[in-house]
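Okay, so here's the structure we're looking at.
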Amino acid sequence: MIKSRMEISAIICSVGMAAMILGGCGKSGNVEPTEAASEVTVEGAAETATSEINEETAKEAEAVTEETSTEEPWKTRIEGISDDFIFGMDASSLLAEENSGVKYYDFDGNEQDALKTFADSGINYIRLRVWNDPYDEDGNGYGGGNNDLPTAIELGKRATDYGMKVMIDFHYSDFWADPKRQHAPKAWEGMSVEEKADALYGFTKDSLTQLLDAGVDVGMVQIGNEINYGMSGEKQFEKVAELLKAGSLAVREVSEAYGKEISVVVHYTRIQDKADVLTLVDRLIRCELDFDMIGMSYYPFWDGSFENMSRVLELINEKYGKKAFIAETSYCYTTEDGDGFGNSLSSKDLVKGYPASVEGQATVLHDICQYVSDANGIGIFYWEGAWIPVGPANADNSAIWEQYGSGWASSYASDYDPEDAGKYYGGSSWDNQAFFDFEGHPLESLKVFNYMLGK
Ligand code: CA
């Protein structure tokens, strides 16, 4: 079995299947690092320079550093940002983490709900994925948070209590849906596309009704997750469009019945392929799908430059009159692994100019939000900022992941997803990209959200 981060890295490299370890954030196997990481860090270069100058100059340089540190760019307000800019956080794995015994703390070291810490830090939206039936025939969870509807209701209610709005991310699958896989839910197997559309409509309407009845402040709904190449087992665009129309209709009907504004979102990835993304949106317009927004995944270490990302959002808005935002993004604060299961982002994939540090993580976020704001994008969602270790890296945490679904996949997902989960199930591949350290204490970088609004 997989025992170390090195072995996992080797597997990823050898078969080009980073998406397996990603646990559904949607990278296809042939993604390329945006830019190779420089082995010479800024700190390293500074040390070399300092050794060559005299002590007095070194002291002066130190004084300047201290002076400028109070004006670090990531602590400044974003120029021109809208007051209602969405600072979203995907916190789908949180309940499974808590069930696994994970504790979270506030900045003073007191135990505190991670959702409250997010709200206090300027997060105003929580994103929650929903899988139709993420369990095997014996009721064992597939992992990845075991994100069924009751989980979304529980987390959604808590987020609402802290004053945040909620985005529901329907995968229309029983487990991860991304460019590599869009399996139909087990209950939909063998259905015609018309039957699937009916089932999808019913599932969407029933789920949203339960969420709203429970008091969850749903403001946005994703009808599908990273659906560039299909959805719910369908690949042909006309069939996918039929499913999307059923989902949109269900959202509209619930929205009207409850007198509540809920935006319909279509979610794509591979933003670096600008022409492909625009073609996808163009087809939605031509088939007259009723939707409001396009959400794009954008991982800066895989998905191209800030400039390109910003331009795509701008074009979606200019050409098609649709609001655009970043539905998933992230960056690491360390290259260490915290739970004994290798991480998706390692030192070789770092974005040039942004070290794997708390400040690097905050600065990437600040810069991404500046570019999104400049392009009239309505906001960003950070992906899984609370998915930290359930136990130390030197322990075998498998039993916990299997029991509570707090790893990216459990062995129980093998029958449903034999190609990925069946081979590579395990723990969190994202613990170095969370906003809490391996023991659950919030990082200073979490304060970037308030700073960006000038708070
Ligand atoms: Ca890990």
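Lys322: which lysines have alpha carbons under 18 Å from its alpha carbon, excluding same-chain residues fewer than 8 sequence positions away?
Within reach: Lys245, Lys274.
What FRET efficiency comes out for the pair Lys352/Glu256, r = Cβ-Cβ distance, R0 = 41 Å, nearest 0.05?
The computed FRET efficiency comes out at 0.25.
Compute the distance from the alpha-carbon center of segment 309-379 to that of segment 115-151, in whole Å.
22 Å
Is the C-alpha gyration tensor of segment 83-452 telling us rounded, prolate or oblate? Criteria: a/c under 1.5 is rounded; beyond that, a/b larger than b/c is prolate, otherwise oblate.
Taking the square roots of the gyration eigenvalues as a ≥ b ≥ c, segment 83-452 is rounded.
Please compute the length gained on full extension between Glu111 and Ala399, using 0.36 nm multiplied by the number of residues separating them and subtracting their Cα-Cα distance.
101.2 nm
When ligands, DNA and RNA are left out and all protein chains stay put, how many square angstrom of accessible area per residue does segment 207-246 have with a 1.4 Å probe?
32 Å²
Once R0 is set to 22 Å, what does the formula 1/(1 + (r/R0)^6) return for the Cβ-Cβ distance between Asp282 and Arg311, expressed as a FRET efficiency to the nearest 0.05?
0.85
What's the extension gain from Asp290 to Asn450 if we count 0.36 nm per residue and subtract their Cα-Cα distance?
In short, 54.2 nm is gained.
Give the aspartates and glutamates reachable from Lys157 as a straight Cα distance under 14 Å; neighbours fewer than 8 places away on the same chain don't count.
The reachable aspartates and glutamates, counting only those whose Cα sits under 14 Å from Lys157, are Asp113, Asp213, Asp217.
The values are calculated or read from the model by the stated rules, or taken from the named source; none is laboratory data. Note that the coordinates shown come from a computational prediction; the quantities given were computed from them, not determined experimentally. Neighbour counts run over all protein chains shown; Cβ positions are idealised from the backbone, glycine included. Remember, those area values only see protein heavy atoms, side chains included, never the ligands or the DNA or RNA. Shrake-Rupley method; radii C 1.70, N 1.55, O 1.52, S 1.80 Å.
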